[in-house]
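The values are calculated or read from the model by the stated rules, or taken from the named source; none is laboratory data. A quick note: this is a predicted structure, and the numbers were derived from the prediction, not measured. All Cβ positions, glycine included, derive from the backbone under ideal geometry; neighbour counts span all protein chains shown. Ligands, DNA and RNA are excluded from the accessible area calculation, which covers all protein heavy atoms including side chains. Shrake-Rupley method; radii C 1.70, N 1.55, O 1.52, S 1.80 Å.
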Amino acid sequence: MKISSSSSSCGSCCISLKKKRPEGLVNLLITKVCMYALLFGCLWSITGGQCLPGSNVFGLVVLFIVSELGGKLVGLIQLPRLPPFPPLLGMLLAGLLLRNLPYITDAVYIDTHWSAALRNIALSIILTRAGLGLDPSALRRLKAVCVRLAVGPCVVEASVSVVSHFLLKLPWIWCFILGFVLAAVSPAVVVPSMLLLQKEGFGVDKGIPTLLMAAGSFDDILAITGFSTCLGIAFSTGSTWMNILKGLLEVVGGVGAGLILGLFLCWFPSTDQEDLVLRRTVLLLGLSIFSVFCSHVVGFAGAGGLSTLVLAFLAALAWKTDKAPVAAMLGRFWDVFQPLLFGLIGAEITVTKLNPDTVGLGLACILLGLVVRLLVTFGLVHLGGFNLKEKVFIAVAWLPKATVQAAIGSKALDLAREQGDEALMSFGLDVLTLAVLAILTTAPVGALGIGLAGPRLLARQVKEGEAEAPPPHQEVVPEKDALTLESRL
């Protein structure tokens, strides 16, 4: 009886405490603070003095925490009927603040080798997710307009960046390095915005959200391929023709290595093994990281990214619908490395060392590229069967830049630091500076532009059970008159 009475009283006490525990935001804040404190406590107990202010471990932990908090705060900015601001802006600004605030800068030290390594791991994750996300069936459905939208604006904007040779005094090959860095569209901004519009039914009749999400992956791959090729040429020694040949060899070698590793993933692990998703994820991500880092070791820096894209694409073809759990697990890794990537990119910029002429002329280069990109995009979708408003929307949606710029914007500077060449380091810093400026200017403008233009320029598909009256400034296309993109092409 005593035991029963004691158990009953303990149960009542637990129920009472459960009712009094904080909920919602208060509980979340306490949980986050405890997690961060526990992270510091564990690292301090393992590393001792290496986790104190001024050490590399301390700097990385503080950067991760502040970047994540910055992303959360910016993500909370929500204007009515608009998508939230991209959290990556908060992460980037957090890194900038840590690098440029007095006293804090001295305490938050980050070794350049660690910074480059972590950014390369983040790049591996981005490329792996891009390879898995390629949808061959979508490409077959959308056909010519998808190819035009993915290739045309990217190549033209990269070519327009030759003006940096006259404005910033960059060598010709560095102009194309900068061009391909700036030419990539940001899936981190475009995809969430398209999903929101798709959910509300805007542009669904003509497949515009699907078109932009599918073409965005190919646009990024083309930009990374062009960047890797030009980077290999820029850091090669010997004659110009030998450098061009080496760039071509990097492309062929990267594709060949990706085919071999991709075929390996098609066969291993077999479907009868336990923890299949975990083993596939470990092998896929491990081979991707190995490809990126090994390509640097053997002197073919541009081959690693291509190899990663190809092997991930082949794995996705082999796994088919089973790739979704692997992609979800990779998303968890990205949640960790995204704050590190954008925070580290922001921390590379020291405002006091920036040349005002570089910033002003760099913004002019970015603006010129964006204007040309708008016009080219508008022209290339002219034959796609879209009306004037839809063409304008597609052109506006093709402006934001962020993820690829953060991933590859500093790679040229990293290679220049390894060689210790002051001139190359100056060129690499110019490329990085313009990449950061492109993120800060185009990501919020692009997100707001998509959110404002979508409901006003795209026809809304009326769902069953909804009111037939269209919202203000909206034109609803009847289902019987709506043509799908596939039928028009």
The stretch 88-109-the stretch 195-214 distance, computed between alpha-carbon centres (Å): 37
Provide F176, F202 ordered by accessible surface of protein heavy atoms (probe 1.4 Å), highest first. F176, F202
Could you give each residue of the stretch 327-335 its phi-based ³J(HN,Hα) in whole Hz, using Karplus coefficients 6.51, -1.76, 1.60 with θ = phi - 60°, and x for Gly or Pro? 4, 5, 5, 5, x, 5, 4, 5, 4
Would you kindly derive the ³J(HN,Hα) couplings of the stretch 378-385 from the backbone phi angles with the Karplus curve 6.51 cos²θ - 1.76 cosθ + 1.60 (θ = phi - 60°), listing them in order in whole Hz, with x for Gly and Pro? 4, x, 6, 8, 4, 8, x, x
Principal semi-axes in Å for the stretch 316-452 [√(5λ), Cα gyration tensor, largest first]: 30, 25, 14
Along each of its three principal axes, how wide is the spread of alpha-carbon positions in the stretch 238-368, in whole angstrom units, largest first? 61, 40, 29
Which order do S217, S426 take when ranked by solvent-accessible area (1.4 Å probe, heavy atoms of all protein chains), largest first? S426, S217
One finds, for V297 and N27 with R0 = 41 angstrom and r their Cβ-Cβ distance, a FRET efficiency to the nearest 0.05 of 0.30
Could you give the alpha-carbon Rg of the chain over 2.2 N^0.38 Å, rounded to two decimals? 1.07
Surface accessible to a 1.4 Å probe, M329 within the full protein complex, Å²: 60
Average accessible area per residue (Å²) across the stretch 160-201 - probe 1.4 Å, nucleic acids and ligands excluded: 37
For S159 and F40, FRET efficiency with R0 = 35 Å and r from the beta-carbon atoms, rounded to 0.05? 0.10
Can you list residues whose amide H is under 5 Å from F202's amide H, if they're 5+ apart or on another chain and H is modeled 1.01 Å from N? Q461
Test of understanding: what is the full-extension gain from L388 to V282, defined as 0.36 nm times their sequence separation minus their Cα-Cα distance? 33.5 nm
Excluding V155 itself, calculate the net charge of residues whose Cβ lies under 15 Å from the Cβ of V155, where each Lys or Arg counts +1 and each Asp or Glu counts -1. -1
Under the Karplus curve 6.51 cos²θ - 1.76 cosθ + 1.60, θ = phi - 60°, whole-Hz ³J(HN,Hα) for the stretch 122-127, x wherever Gly or Pro sits: 4, 4, 4, 5, 4, 5
When only C-alpha pairs under 8 Å and at least 6 residues apart count, what is the relative contact order of the chain, in percent? 23
Would you calculate the separation in nanometres between label points at A423 and D322, each defined as 7 Å from the Cα along the Cα-to-beta-carbon direction? 5.4
Quick check: Cα centre of the stretch 292-327 to Cα centre of the stretch 21-81, how many Å? 31
Y109 long-range amide H proximity, modeled H, under 5 Å: G54, S55, G59
Compactness check, the stretch 107-210: C-alpha Rg relative to the 2.2 N^0.38 Å globular estimate gives 1.41
Expressed as cubic angstrom per residue, what is the convex hull volume of the alpha carbon set of the stretch 30-127? 131
Can you compute the helix-only [θ] at 222 nm over the chain? Use -39500 (n - 2.57) per DSSP H run of at least 4 residues, normalise by all residues, nearest 500 deg cm²/dmol. -25500 deg cm²/dmol
The percentage of the accessible area of the chain (probe 1.4 Å, all protein chains present) made up of carbon and sulfur atoms, to the nearest whole number, is 70
Long-range amide H partners of V185, meaning residues 5 or more apart or on another chain whose placed amide H is closer than 5 Å, are D220
